[in-house]
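To keep things clear, I will list the structure first and then write my remarks on it.
Readers should treat all values here as calculations from the given coordinates under stated rules, not as data from a laboratory. Here the structure is a predicted model, which is why all the values come from computation and not from measurement. FYI the Cβ positions are ideal-geometry reconstructions off the backbone, even for glycines, and counts take in every protein chain you see.
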Amino acid sequence: MSKLTQSSSWKALEEHYNEIKHSRMRDMFVEDPQRFEQFSLKLNDILFDYSKNIINSQTMAQLYQLAEDSELGSWISRMFDGEPINNTENRAVLHTALRNRDGLPVLVDGKDVMPSVCEEHERVKQLAESIRTRAWRGYHDQPITDVVNIGIGGSHLGPLMVTEALRPYSLHDLNVHYVSNVDENHITDTLEKLNPATTFFIIASKSFTTQDTMVNAETARQWHVNDVGNDSQIDKHFSAVSSNVKAAKAFGIDEKNIFQMWDWVGGRYSLWSAISLPIVIAIGSDNFDQLLQGAYEADKHFKTAPLAENIPVTMALLGIWYNNFFDAQSTVVLPYDQHLHKFPTYLQQADMESNGKGVNRQNQLVDYTTGPVLFGEIGIAAQHAFFQLLHQGTKLIPADILAPVSNFHCIARHHRALMSNVFAQTEALMKGKTEQEAYAELKAEGLDEDTIKALLPNKIFPGNRPTSTFLFNSLDPTTLGSLIALYEHKIFVQGIIWNINSFDQWGVELGKQLASGILQELDDNEPTKAHDSSTNGLINYYKKQRYINNKEDIS
Ligand code: F6P
């Protein structure tokens, strides 16, 4: 039995769960008209309403006690102070240093990292601004019209999500494209519309060894060299962001176009580093500074707000409440802002690669569930796709809802329709529809008793489905920075309470290892016997069909 599940706060929560598990939120709202005031928090212009959760004040007090007992306060300090809390890699976890706007030193192994952070941000801004102002020229002395970021995982999802989210802040005559998939369709579809003379590539890879990125980078390089006729113009069209400067140079990238990353920034937490280069090219330095400022505001809040007023702590504890006590296996993120359409995908990596762990910090198997399956979609689209399951399915899936009070274009007709759905869905998920209410509706439609009897079970909504809602004034860079950082810290808090290391990702290694061996086997058309019968069967079918199709050049 683990220390966590044996702790007094955990046991108290188990007892409390048994007392509260059949409580109905709709009754709680009737009993306590102050519920919204009691269970909502604010950070600047971000409102976090968590009153539509299956909680009461005792639940929250006990959850905050759990956080207290996990020594959360001391872990927060240890992270911000640069201690090597990524224990399996013996690394500090300092994405917060990348948006540390107070100018105070942050020490790693006794050395202040802030001068190099600021220097790298400055270099990124200089390059970005020279492309934005058309001072940077391609090899035909033309300005850059298209930037292609080649990267995957954290070297892709963060920048892509932010670029999409802040689209209204972007230059209209400068396109930023993202290529991640090693499937040739991704890069060929992207490049076929572009002109090599006005295209600038960013090879974004912390390791500079990731297969998908390297294969795509080679293809991009070849496309450029084919056009120029030689490799003499690479310095005008290629840059890299990596902690492996040697490999980036060996690829042929000019040192002045290589931006540094540090081992204390995890890939999925790296959008604040030079990995932001495509973001800064798209939205400009001032807006990027606002993004950093928003994250810094959330960092300050996380560090200083008491637990019961702390938004990421509260988000994390609600997640644990459902995950570990209600046995909810998943959680859904539903932005009601089209520009946040990549936010759920981004959060999938941030959350699932961080907390999808089964071994604790003492290298033992855990005996409780950890990170949930996170999925999501634009709320409006999801309503017409999978909300059926949220409302009437057999699974409890807590939802996060995010919506702007004002939209960028201020078309009231659209925005009111959008927001009516936000409010209606959170109410419907919470209240549901009782048998009596459903009966009365069917009766009012004039249906006969037999038809009503048959239809009735289908018309009942169980309700009591939890939602937490973020309302923010508008999706500006500052707000976006804060929202991202709040989620990062939520993930951190959960990792601390689950006693796991949220900052390594050993689980991605096995597939990579096997793929590199299988890649060699695909060099010829000889059948393989090296694997289990399924894997052999699939490989051999592929090789045979490839031969028959005669499309694959294996030379
Ligand atoms: O395979 C997972 C992973 O290592 C992620 O953690 C990371 O964000 C991604 O691959 C890309 O890695 P890199 O930036 O080193 O190419």
Calculate, for MET1 and ALA250, the FRET efficiency according to 1/(1 + (r/R0)^6) with r their C-beta to C-beta distance and R0 35 Å; round to the nearest 0.05. 0.10
Debye calculation, C-alpha points only, no solvent: report log10 I(q)/I(0) for the chain at q = 0.10 Å⁻¹, in the same order as the q values. -0.92
So for segment 263-333, what are the equivalent ellipsoid semi-axes in whole Å, largest first, each being the square root of 5 times an eigenvalue of the Cα gyration tensor? 30, 17, 11
Taking the Cα centre of segment 509-548 as the origin and placing charges on Cβ (Lys, Arg +1; Asp, Glu -1), which of TYR547, GLY517, HIS531 is farthest toward the positive end of the dipole? TYR547
Give me the dipole magnitude in Debye, nearest 20, for the chain about the Cα centre, with unit charges on the beta carbon: positive for Lys and Arg, negative for Asp and Glu. 220
Taking only C-alpha pairs under 8 Å that are 6+ residues apart, what is the relative contact order of segment 278-391 in percent? 24
I'd like the Kirkwood hydrodynamic radius of segment 187-229, using the inverse of the mean 1/r over distinct C-alpha pairs, in Å. 11.1
Would you list, by chain and number, the lysines whose Cα falls below 20 Å from the Cα of LYS431, excluding same-chain residues fewer than 8 positions away? LYS21, LYS52, LYS395, LYS459
With +1 at each Lys and Arg Cβ and -1 at each Asp and Glu Cβ, the charge dipole magnitude of segment 48-126 around its Cα centre, to the nearest 20 debye, comes out at 300
The whole-number value in µm²/s of the Stokes-Einstein translational diffusion coefficient for segment 186-336, with Rh from the Kirkwood sum over alpha carbon pairs at 20 °C and 1.002 mPa s, is 115
Hey, can you rank 148-160, 185-197 by average C-beta count inside 10 Å, highest first? 148-160, 185-197
Column: log10 I(q)/I(0), Debye, Cα scatterers of segment 271-379, q = 0.12, 0.13 Å⁻¹: -0.59, -0.69
Entries in LYS246/LYS512; LYS342/LYS543; LYS303/LYS357 that, when Cα-Cα distance is taken, lie over 29 Å: LYS342/LYS543
Show that you can apply the helix-only estimate: for the chain, add -39,500 (n - 2.57) for every DSSP H stretch of four or more residues, divide by all residues, and state [θ] at 222 nm to the nearest 500. -14000 deg cm²/dmol
Which GluC sites (Glu not before Pro) from segment 1-53 combine a DSSP loop assignment with at most 11 other Cβ atoms within 10 Å? none
Just to check, using Stokes-Einstein with a Kirkwood Rh over alpha carbon pairs, what's the diffusion coefficient of segment 1-117 at 10 °C and 1.306 mPa s in µm²/s? 89
Calculate the dipole size of segment 243-302 relative to its Cα centre from +1 charges on Lys and Arg beta carbons and -1 charges on Asp and Glu beta carbons; express the result in debye to the nearest 20. 240
I'd like to know which of GLN425, LEU41, THR345 lies farthest towards the positive end of the charge dipole of the chain, counting +1 on Cβ of Lys and Arg and -1 on Cβ of Asp and Glu. GLN425
What ranking do 286-294, 81-89, 309-317 get when scored by the average of other Cβ atoms within 10 Å per residue, highest first? 309-317, 286-294, 81-89
Let me check against my output: what whole-number percent is the relative contact order of the chain, with C-alpha pairs under 8 Å and at least 6 apart? 18
Quote the convex hull volume per residue of segment 318-399, based on C-alpha atoms, as a whole number of Å³. 93
hull vol. (C-alpha, convex hull) per residue for segment 394-547, Å³ -> 311
Sort 295-301, 233-239, 391-397, 130-136 for me by packing, meaning the mean count of neighbouring Cβ atoms within 10 Å per residue, highest on top. 295-301, 233-239, 130-136, 391-397
Rank GLN392, ALA248, GLY356 by how far each Cα sits towards the positive end of the charge dipole of the chain (+1 on Lys, Arg Cβ; -1 on Asp, Glu Cβ) and give me just the farthest. GLN392
